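The values are calculated or read from the model by the stated rules, or taken from the named source; none is laboratory data. As the structure is a prediction and not an experimental result, all values here were calculated from the model. Using ideal geometry, Cβ is built from the backbone for each residue, glycine included, and neighbour counts are taken over all protein chains shown. When the accessible area is computed, the model is the full protein with side chains, heavy atoms only, and any ligands, DNA or RNA have been set aside. Shrake-Rupley method; radii C 1.70, N 1.55, O 1.52, S 1.80 Å.
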Amino acid sequence: MNQMKKLMLAVVSIFLVATMAACSSTASGESEEKLVINVAYGNQPGEPIDKLAKKWKELVDERSNGEIELRLFPSSQLGSEKDVLEQATMGSNVITMVGYDFLMDYVPDAGIMNAPYLVENFDELLYLTTTDWFDEIKRDLNEKEISIVSTNTVYGERHLLSNEKVSIPEDLKGKKIRVPNNPMSITTFEALGAAATPTPLGDLYTSLQQGLIDGAENPLPVLEGVKAHEVSKHLSLTGHQKFIVAWISGTNFSDSLPADVVQMLKETGDEAGEYARGVLEEEDKRVLAEFKKQGVEVHEVDIEPFKEKVKDVYDKFPSWTPGLYERIVELLENRPS
């Protein structure tokens, strides 16, 4: 990141801190002792992640007897995922949701958590966050001014929604597919033969409308949340990533909070994550039925050719620790039953 961008981000960060501080006291006579913490995420109101955030806010209010408020900013109101992450590392008062693929910019090995077809189920991914290996990841992130607050948020299984039917990887050749702006997502879809096109989630609908992209991938509730199904009418159940995310803060901000507050945020965040997993399972079923009702053609695909195409993705990251994939496989093979 060049010096000008750093300066601009610093200015934005200072502005946000000042603005949110001003918002935290109101004419209604809120206590000056009340701690307000900003929580940012890119998902739309009503999506499972938004419901998680609202549950978290409720739990924090209960546990703190109203002395701590989580102020929610959905729909990328505070900036893109990458920008808010950078604001957090600069000490802003913010907790934000990030994929481990975005954390690759800080600790490359973290990205394997979102690698394609890495695991069979979400429990395997969640198990990895409890291992000594993941403790090493957290320590390395701390050195980069990032603290993980909660690790158990299941974002969902990612599928492909496109303008034309996709049954095999060859159907993706040359197709412009919207992906998040991170190396793992870009490399995965390039390996599948697509023209990976990083686009902010908030711009996805208009990009489809204007023909700037030919499709997008995400969990079903996210695709519904941005109304992508109103434009693209072919859903391929590729399941190319089982996706969990982390809620992070900047280490400087986290260290400024009392230890009991940090612990309470973790406990309530994990509780909200467990609640939201149940919400997600129900939403997946509902959205799939709704897509069919609205004329989306749902295609069951043989995922083996997709798995074969992305095998070399694991060799595309020379910054990974040698033997990383083998270590992850060994951890999963030795997972307690």
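Worth pointing out:
- The residue of segment 121-141 that is nearest to ALA195 (Cα to Cα), among those that are over 19 Å from the mean Cα position of the chain (by Cα) and touching a residue at least 40 places away in the same chain (Cβ under 8 Å), is TRP133.
- Helices (runs of 4 or more DSSP H) contained entirely in segment 239-337, each with at least 2 residues that are farther than 17 Å from ILE148 by Cβ and either touching a Lys or Arg at 6+ places or on another chain (Cβ under 6 Å) or not β-branched (Val, Ile, Thr) (or both): 259-293, 304-309, 324-333
- Matching residues in segment 174-208 - criterion: being more than 26 Å from GLU304 (Cβ to Cβ) and among the acidic types (Asp, Glu): ASP203
- Verdict on LYS309 being among the basic types (Lys, Arg) and free of Cβ contacts under 8 Å to residues at least 60 places away in the same chain: no
- Residues in segment 158-185 that are in contact (Cβ under 8 Å) with a residue 40 or more places away in the chain, open to solvent by 10 Å² or more (accessible area, probe 1.4 Å) and not in a strand (DSSP E or B): ASN163, GLU164, LYS165, SER167, ILE168, LYS175, PRO180, ASN181, PRO183.
- Going through (1) touching a Leu at 6+ places or on another chain (Cβ under 7 Å); (2) over 14 Å from VAL245 (Cα atoms); (3) crowded, with 21+ Cβ neighbours inside 10 Å; (4) not charged (D, E, K, R) one by one, ASN93 falls short only on (1).
- Here PRO116 meets the list (1) touching a Phe, Trp or Tyr at 6+ places or on another chain (Cβ under 9 Å); (2) surrounded by 20 or more Cβ atoms within 10 Å (Cβ to Cβ); (3) in a helix (DSSP H, G or I); (4) not β-branched (Val, Ile, Thr) almost entirely, failing just condition (3).
- Of the criteria (1) in contact with an Asp or Glu (Cβ under 7 Å, 6 or more places away or on another chain); (2) open to solvent by less than 20 Å² (accessible area, probe 1.4 Å), which one VAL154 fails: (1)
- Within segment 186-209, being of a type in the set (Gly, Ala, Ser) and either assigned to a helix (DSSP H, G or I) or in contact with a Pro (Cβ under 6 Å, 6 or more places away or on another chain) (or both) holds for ALA191, GLY193, GLY202, SER207.
- Entry remark, segment 31-43: residues being of a type outside the set (A, V, I, L, M) and open to solvent by 40 Å² or more (accessible area, probe 1.4 Å) number 4 in total.
- Among residues of segment 260-273 that are touching a residue at least 40 places away in the same chain (Cβ under 8 Å), those with a Cβ under 7 angstrom from a residue that is surrounded by 15 or more Cβ atoms within 10 Å (Cβ to Cβ) and among the charged types (D, E, K, R), sequence gap 6+ or separate chain, pair up as MET264/ARG63; THR268/ARG63; ALA272/LYS55.
- Hey, GLU283 closer than 30 Å to SER167 by Cα and either more than 20 Å from the chain's Cα centre (by Cα) or not small (Gly, Ala, Ser) (or both) or not: yes
- Against the criterion of being open to solvent by 20 Å² or more (accessible area, probe 1.4 Å), under 17 Å from GLU47 (Cβ atoms) and either out of contact with any His (no Cβ under 6 Å at 6 or more places or on another chain) or at pLDDT below 95 (or both), LEU288 qualifies.
- LEU201 meets each of the listed conditions (1) on the phi > 0 side of the Ramachandran plot; (2) modelled with pLDDT under 95 apart from (1).
- Taking the numbered list (1) open to solvent by less than 20 Å² (accessible area, probe 1.4 Å); (2) in a helix (DSSP H, G or I); (3) touching a helix residue (DSSP H, G or I) at 6+ places or on another chain (Cβ under 6 Å) in turn, GLU124 passes all entries but (1).
- Which numbered condition LEU237 misses (of (1) open to solvent by 20 Å² or more (accessible area, probe 1.4 Å); (2) within 20 Å of the chain's Cα centre (by Cα); (3) more than 20 Å from VAL298 (Cβ to Cβ); (4) of a type outside the set (Ser, Thr, Tyr)): (3)
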